[in-house]
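The values are calculated or read from the model by the stated rules, or taken from the named source; none is laboratory data. Small disclaimer: the values here were computed from a predicted structure and weren't measured. Every residue, glycine among them, receives a Cβ derived from its backbone with ideal geometry; neighbour counts consider all protein chains shown. All accessible areas refer to the heavy atoms of the entire protein, side chains included, with ligands and DNA or RNA removed. Shrake-Rupley method; radii C 1.70, N 1.55, O 1.52, S 1.80 Å.
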Amino acid sequence: MDTSQYLTIFIDESTEHLNTMSDYMLELEKNPSEKSIIEEIFRAAHTLKGMSATMGYHDMADLTHKLENIFDAIRYDKIMVQAEMMDVLFEVHEQLLAMVDDITNGGTGECDITRLVSQLKQLENGEKITTTDESAKQTPDGNKLLAESELDEFELSILNESKERGFSNIEITVELSEDCLLKAARTFMVFEVLEQHGEVIKSVPSVNELEEEDFDNTFSVLLVTKSPQEEIKKKLMKISEVKKVTTQSFSVSIYKKERQVEKKEKTDKSTKTNKTKQPANKSSGKATTKTIRVNIDRLDILMNLFEELVIDRGRLEQISIELNHQELQETVERMSRVSGDLQNIILTMRMVPVEQVFSRFPRMIRKLSREMNKDIAIEIIGAETELDRTVIDEIGDPLVHLLRNAVDHGIEKPEERKKKGKPEQGTIQLKAFHSGNHVFIEIIDDGAGINKEKVLHKAIENGIVQENQRETLTDQQIYELIMASGFSTAEAISDVSGRGVGLDVVRNKIESLGGRVSIDSEPNKGSMFSIQLPLTLSIISVLLVEIEKEKYAIPLSTIIETAIIQKEQILSAHHKKVIDFRGKVVPLIFLEDIFQIPTTSDVEKDEYLPIVIIKKGDKMAALVVDSFIGQQEVVLKSLGKYLKDVFAISGATILGDGQVALIIDTNALVK
Amino acid sequence: MDSIDLVNEKAIVFQLANEEYVIPVRHVGGIERLHPITRVPQTKNYIKGVINLRGVVTPIIDLRIRFGMEPKEHDESTRIIIVHFNELEVGFVVDGANDVIDITKQSIEPTPEVIGSVKHDYITGVVNLKERLLIVLDLEKTLTNNDFQEVQQIKNMEG
């Protein structure tokens, strides 16, 4: 069967399913008993298996088949979700992503998967979690409570005896925080506290398992003690990374009764938790919207056709005014309104939520922070913010870079954070929001911040700035030095970042998209990288100006203001014409000369010169034009492959009269 | 070479000064009357600028200037031939375009030693068709921005 025609669909859909899978897997980690999540993952795995088998990608089918088995087993309570299981599952997911990537690039998606398959098999059979302790041969269950475990005769007799002697039997359940790194150490500390107060009769999971960190985040112990429950609870809570402690008296007689009705109760319990969790999950769950896939090329064609319509609309408006025919005018007006709405829809069709890019970051941060023994939570705000498709495609890499940077250089190691009196878990905030014609993406970490002195020292050492500039640089300017090329402040080169290339690449990329990166930082409070991006690359606001008979467009984003100056105001400095603009010396740029515009009128130029003040970073320049036409939203077009690298021209646009106007690249004019 | 593969195919005939040239139809996107041309500053002199071709900004090359001929005022018969070649889309300004002919491979002859004003660099061969001499244009070389003609001018000045 020839499957090549289905290849793009296959790639699109498997990427989508893999994304769903990872979303739900992250969810599952927080919520291991939630059946509806497991169902979703099972469904995704099942579909993937079917698709890859049909397409003949056997390794992928194999892997997904095993994955499906696992979730099937979880679904029917044969095995339970555990931390190390999640690690394997995430690894499988990565592997699948790599396979799809390979297929996308024309490969076969083949890969050595024997290790993963055998691991999955082990998980499926519950082998990894088989208990070593004789007394705990129950179903492997990370969350099991003591009440459900079995006590042997010996243990029961101790419990009975202790009661007679005036000791109380307490069942204590300790929950460690999810991101606890050294679980064994924490449990050791817990046991130390417990042993000061009495004797631990039993623990579930067994002490061995606890030492090997072979448990989820929760464990329970039976303590025989004379101390009151509250006191023990308080002491335990003082241990860091202990999230929750519940205590409860343990009665042997009740225990015996419970054992008999346990089976029934267990089923009751699971339905109950399901019921309570369902509504909360629904509200946070993703609303599935009805969509169809449209090739982006078709959207471009649609856009082009629409632009032509706009040009004709302009003509029609002109004609109807000239003819002064009322009915015609009304019809044209209505048509203009409708096409205005149409324009909005076409533009929004090209917009996609930044979530598309953001969705892979939680997984990435999780992996990175584990690799680096850091404890980092990522918080995503405003993932629904929309950006033009073309921008979205480009910002992924710069964001990955900045996030890696935050993990590597920003957030400190847990011990260090503790010393500084900060919570051991670091937080990276990824925030997207609209503001005016721009979208801002901010990456905020609560890490060490940028060391100004170190940055300056390094910059001077690398010859990026001169020693004598030290005093004149503002804080912000110093921070932004880290984006200069050939700069890296990492003391040790790590796998993640710090090869001396990177941040300058980020800055270049963002600037090529018409955006800007700014940095702010406070020592020991953290840093913020703020990226400002244009809403869309295809439509920009410009100021149209006329020079002789030619029209040019200047992007509004680069304009500070417009002014009209008198000829007498022009000064000369170093054979260059400058003006004094609000106390600053600004060089004049005569577009007529730069663009070699042929002079058609013999009339001597006016006493007054209209100028447009533009900026590039902190530098300014004044463009001399003949007249301002006005502000307009225009569609940015490229000059085509034949005309690349035209000096000071970034593109072209088509005006209402059908003529082409060139868009000035002001960055090339300011030196 | 793409232009040589003229095996029994149709070609557009256009006029440039006193000579007739051919371009295979498969490279031609259309023949347009003159559009208003927007000048693009600081480009080669033969690049007249860009036009709005149904929403696509298309560069325009004046073939007369490209081949070092005398420029001519554009008039009623001036045409723009839209050419697609190697993912490039450009328009050629020519004096006139009004014929489509069939060309067979056999009819293409190697370039004679001396022919007209166009240098051999832009030519892949000639077609002798019933007393008409048609020049087959080498699109690749025509669209490469080498400054053959500028060099030629300098030589002339020196000479």
Residue in region A:351-361 that is under 30 Å from A:VAL88 (Cβ atoms), surrounded by fewer than 18 Cβ atoms within 10 Å (Cβ to Cβ) and without any contact (Cβ under 8 Å) to a residue 12 or more places away in the chain present | no
In region A:653-671, residue farthest from the other protein chains (Cβ to nearest Cβ) [restricted to those that are open to solvent by 30 Å² or more (accessible area, probe 1.4 Å) and in contact (Cβ under 8 Å) with a residue 60 or more places away in the chain] | A:ASN667
Check on B:ILE31, within 15 Å of the chain's Cα centre (by Cα) and in contact (Cβ under 8 Å) with a residue 12 or more places away in the chain | yes
For A:GLN425, state whether it is at pLDDT below 90 and closer than 24 Å to A:MET364 by Cβ.
-> yes
Search result, residues across region A:556-588 that are of a type in the set (Gly, Ala, Ser) and in a strand (DSSP E or B) = A:ALA563, A:SER572, A:ALA573
From the list A:SER638, A:SER650, A:SER572, A:SER557, which one is open to solvent by 40 Å² or more (accessible area, probe 1.4 Å), of a type in the set (Gly, Ala, Ser), within 45 Å of the chain's Cα centre (by Cα) and away from chain B (no Cβ under 14 Å)?
-> A:SER557
Considering residues of region A:312-327 that are without any contact (Cβ under 8 Å) to a residue 60 or more places away in the chain and charged (D, E, K, R) only, the residue least open to solvent (accessible area, probe 1.4 Å) = A:ARG313
Just name the residue that is nearest to A:GLY658 (Cα to Cα) out of those in region B:38-88 that are in contact with a strand residue (DSSP E or B) (Cβ under 6 Å, 6 or more places away or on another chain) and open to solvent by 50 Å² or more (accessible area, probe 1.4 Å).
-> B:ARG39
Pairs under 6 Å by beta carbon, first residue not assigned by TED's automatic domain parsing to the domain that holds A:VAL391 in region A:421-447, partner open to solvent by 40 Å² or more (accessible area, probe 1.4 Å) and acidic (Asp, Glu), six or more apart or different chains?
-> none
For region B:57-94, what are the residues that are facing chain A (nearest Cβ under 8 Å) and modelled with pLDDT under 85?
-> B:GLU87
Do we find that B:PRO24 is more than 14 Å from chain A (Cβ to nearest Cβ) and under 18 Å from the mean Cα position of the chain (by Cα) in this structure?
-> yes
Would you check if A:GLY410 is outside the structural domain of A:ASP179 (by TED's automatic domain parsing), out of contact with any Pro (no Cβ under 9 Å at 6 or more places or on another chain), within 24 Å of A:ILE482 (Cβ to Cβ) and of a type outside the set (D, E, K, R)?
-> yes
Any idea which of A:GLU330, A:GLU307 is surrounded by 15 or more Cβ atoms within 10 Å (Cβ to Cβ) and either touching a strand residue (DSSP E or B) at 6+ places or on another chain (Cβ under 9 Å) or at negative phi (or both)?
-> A:GLU307
Return a yes/no flag: does region A:588-601 have any residue that is open to solvent by 50 Å² or more (accessible area, probe 1.4 Å), within 28 Å of A:LEU533 (Cα to Cα), at pLDDT below 90 and under 48 Å from the mean Cα position of the chain (by Cα).
-> no
If we scan region A:589-599, do we find a residue that is within 14 Å of chain B (Cβ to nearest Cβ), part of a loop (DSSP other than H, G, I, E, B), β-branched (Val, Ile, Thr) and on the phi < 0 side of the Ramachandran plot?
-> yes
Just a yes or no: is a residue in region A:472-486 at pLDDT 80 or above, more than 30 Å from A:THR385 (Cβ to Cβ), open to solvent by 50 Å² or more (accessible area, probe 1.4 Å) and acidic (Asp, Glu)?
-> no
From the set of residues in region A:71-88 that are more than 29 Å from the chain's Cα centre (by Cα) and hydrophobic (A, V, I, L, M, F, W, C), which is nearest to A:ARG370 (Cα to Cα)?
-> A:MET80
Is one or more of the residues making up region A:236-247 modelled with pLDDT of 65 or more and more than 42 Å from the chain's Cα centre (by Cα)?
-> no
